[in-house]
1. Can you compute the FRET efficiency between residue 70 and residue 189 using 1/(1 + (r/R0)^6), with r the Cβ-Cβ distance and R0 = 25 Å? Round to the nearest 0.05.
2. Any idea what the relative contact order of region 111-174 is, in percent, if you count C-alpha pairs under 8 Å spaced at least 6 apart?
3. By average Cβ neighbour count within 10 Å, what is the ranking of 160-170, 83-93, 50-60 from highest down?
4. To the nearest 0.05, what FRET efficiency results for residue 162 and residue 89 with a Förster distance of 35 Å applied to their C-beta separation?
5. Quote to one decimal, in nm, the extra length available between residue 148 and residue 180 on full extension: 0.36 nm per residue of separation minus the C-alpha distance between them.
6. How far, in nm, would the chain grow between residue 170 and residue 133 when pulled straight, counting 0.36 nm per residue and subtracting the alpha carbon separation?
């Protein structure tokens, strides 16, 4: 091959390599130019700890958003089951020692509320010390970032944990992306109905 032909071949190869790099250049340019937002599709970016409101009572509590847990859990004391219309129901008391009234910004040392909910199922949870624990699962409505969501919660005494409510992957997968470096990015403001202070 002559010198002129070799130069033409080398130049053509360089042009093809430059063309192959264009998709990468475009992708980088889009990433730089695209503005950062607080949402991704329909999912909001939330911190690893957020305030949530237990519905229908006006009860704001801290919740830990834990993508390492599959099932959500809620603090429960004095758990007992009973029959209602042929179904198994669960009566339990929810207590929070870190309750905050977000409307007045006042902190209350302790608040207790008794709930009655139909049992959805039972789950067996493997604990860190290798034993297994059976838990009742009920559906609860929570106001999270301005929207009311109905989620399943296993009931367990969480008094030794910092947060009375834990939101796991099943609850988070459709509503939030978790930023592990942030807390309290949202407000659980879902309005207030006339029956908010009544427990059904």
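Only the coordinates and a few stated rules stand behind these numbers; no lab work does. Model, not experiment: these values are computed from the prediction. Neighbour counts are summed over all protein chains in view; Cβ atoms, including those assigned to glycine, are modelled from backbone coordinates with ideal geometry.
1. The value I calculate is 0.30.
2. So the answer I get is 22 percent.
3. On the way: 160-170: 17.5, 83-93: 12.3, 50-60: 19.6.
Peptide ranking by packing, descending: 50-60, 160-170, 83-93.
4. According to the calculation, E is roughly 0.75.
5. Details: separation 32, 0.36 × 32 = 11.52 nm, distance 2.31 nm.
Contour length minus the Cα-Cα distance gives 9.2 nm.
6. 11.4 nm
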